[in-house]
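**Q** Below is a structure I'd like to ask you about.
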Amino acid sequence: MKRFLDIVLLILLLITPLKANDIKKFQIDEMSIGDSLLNFFSEEEIINGVKTNYPGSKEFYGIHFLSKSDNYDQYSFMIKSNDKKYRIHSLSGDIYFIDDLSGCLEKKEEIVKDVSSMFSNIKKNTYTHKYKSTADGKSFSKVTDLENLKNGLIRIYCNSYSKKTEKLGYKDALVVNISTNELTNWINNKAYK
């Protein structure tokens, strides 16, 4: 009997880290990849939400809502066009840090540490992304990608927009994003082509 319990315990220990690495288990304010937006917003709110379209492909579109929670100021989602169930392929929670890059970076590192501890064998990739084609080209993001996850990646970054870019409606923010591999591949290869 003891050997049987040892085998069951070993199996549970081996399975748990694998499940923990699935981004579908990671939530932002109880929302996750694969959920329907209809679980959180009415169809009217979804239809009337602020949309982002991409020049290279209409396969997906972005939709944005102001948050009513204390955790985030705004939510952003990526949905497949013509999906009447509005399944989430990417989910972001934004926290505004207007003209406070140092405060944003401090909070970012705290979140990266907390989120990283939830997953096993995670790979961190930290870099600066410049928004060359946005307004005056002086805006950038300080990004950390958490990779080696099942079904996608988690990206945590601080946007720092120039005054000219801010006039277009962009806000400095800390963004916590979860995206499927399918959506990430689309963004990288089709959205802007």
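The values are calculated or read from the model by the stated rules, or taken from the named source; none is laboratory data. Just so we're clear, the structure is a prediction, and the values are computed from it rather than from any experiment. Cβ coordinates were reconstructed from backbone atoms using ideal geometry, including for glycine residues, and neighbour counts include every protein chain displayed. SASA here: full protein model, heavy atoms, side chains in, ligands and nucleic acids out. Shrake-Rupley method; radii C 1.70, N 1.55, O 1.52, S 1.80 Å.
**Q** For Glu30, are the conditions met, namely being modelled with pLDDT under 95, acidic (Asp, Glu) and open to solvent by 100 Å² or more (accessible area, probe 1.4 Å)?
**A** So Glu30 fits the description; yes.
**Q** Something else about it: Kindly indicate whether any position in segment 42-51 is modelled with pLDDT of 95 or more, under 17 Å from Val176 (Cβ atoms) and either open to solvent by 30 Å² or more (accessible area, probe 1.4 Å) or within 13 Å of the chain's Cα centre (by Cα) (or both).
**A** For segment 42-51, residues modelled with pLDDT of 95 or more, under 17 Å from Val176 (Cβ atoms) and either open to solvent by 30 Å² or more (accessible area, probe 1.4 Å) or within 13 Å of the chain's Cα centre (by Cα) (or both): absent.
**Q** State which residue is nearest to Ile33 (Cα to Cα) when the search covers only segment 126-144 and only residues that are modelled with pLDDT of 95 or more and out of contact with any His (no Cβ under 9 Å at 6 or more places or on another chain).
**A** Thr144
**Q** Moving to a separate point now. Among the residues in segment 113-121, are any farther than 30 Å from Glu43 by Cβ, β-branched (Val, Ile, Thr) and under 17 Å from the mean Cα position of the chain (by Cα)?
**A** Scanning segment 113-121, I find at least one residue that is farther than 30 Å from Glu43 by Cβ, β-branched (Val, Ile, Thr) and under 17 Å from the mean Cα position of the chain (by Cα), so the answer is yes.
**Q** Sort out which residues of segment 81-115 are touching a residue at least 24 places away in the same chain (Cβ under 8 Å), farther than 21 Å from Thr165 by Cβ and either surrounded by fewer than 15 Cβ atoms within 10 Å (Cβ to Cβ) or in contact with a Lys or Arg (Cβ under 6 Å, 6 or more places away or on another chain) (or both), and write them in order of number.
**A** Lys85, the sole residue that qualifies.
Quick grid of which residues meet (1) among the basic types (Lys, Arg); (2) part of a helix (DSSP H, G or I); (3) in contact with a helix residue (DSSP H, G or I) (Cβ under 8 Å, 6 or more places away or on another chain):
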{"residue": "Lys24", "(1), (2), (3)": "yes, yes, no"}
{"residue": "Ile46", "(1), (2), (3)": "no, yes, yes"}
{"residue": "Pro55", "(1), (2), (3)": "no, no, no"}
{"residue": "Tyr61", "(1), (2), (3)": "no, no, no"}
{"residue": "His64", "(1), (2), (3)": "no, no, no"}
{"residue": "Lys68", "(1), (2), (3)": "yes, no, no"}
{"residue": "Tyr72", "(1), (2), (3)": "no, no, no"}
{"residue": "Phe77", "(1), (2), (3)": "no, no, yes"}
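**Q** Would you check which residues across segment 52-80 are open to solvent by 30 Å² or more (accessible area, probe 1.4 Å) and of a type in the set (Gly, Ala, Ser) and list them?
**A** Hits for segment 52-80 are Gly56, Ser69.
Residue-wise test of (1) polar (S, T, N, Q); (2) touching a residue at least 12 places away in the same chain (Cβ under 8 Å).
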site: Gly152; (1), (2): no, yes
site: Ser160; (1), (2): yes, yes
site: Gly169; (1), (2): no, no
site: Leu174; (1), (2): no, yes
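**Q** A follow-up question, please. For segment 146-171, give me the residue count where each residue is surrounded by fewer than 19 Cβ atoms within 10 Å (Cβ to Cβ), farther than 23 Å from Glu59 by Cα and not polar (S, T, N, Q). Can you show your working first?
**A** Going through segment 146-171, the residues surrounded by fewer than 19 Cβ atoms within 10 Å (Cβ to Cβ) turn out to be 147-148, 150-151, 162-164, 166-171.
Still in the list and also farther than 23 Å from Glu59 by Cα: 147-148, 162-164, 166-171.
Next, from what is left, pick out any that are not polar (S, T, N, Q): 147, 163-164, 166-171.
Residues flagged as surrounded by fewer than 19 Cβ atoms within 10 Å (Cβ to Cβ), farther than 23 Å from Glu59 by Cα and not polar (S, T, N, Q) within segment 146-171 amount to 9.
**Q** Do we find a residue being touching a residue at least 24 places away in the same chain (Cβ under 8 Å), under 17 Å from Ile28 (Cβ atoms) and under 17 Å from the mean Cα position of the chain (by Cα) anywhere in segment 124-139?
**A** no
**Q** Contact list please: Cβ distance under 6 Å, first residue in segment 27-52 and farther than 14 Å from Gln74 by Cα, second residue among the β-branched types (Val, Ile, Thr) and in a strand (DSSP E or B), pairs at least six apart or on different chains.
**A** Ile33/Ile88; Ile33/Ile178; Ile33/Thr180; Asp35/Ile88
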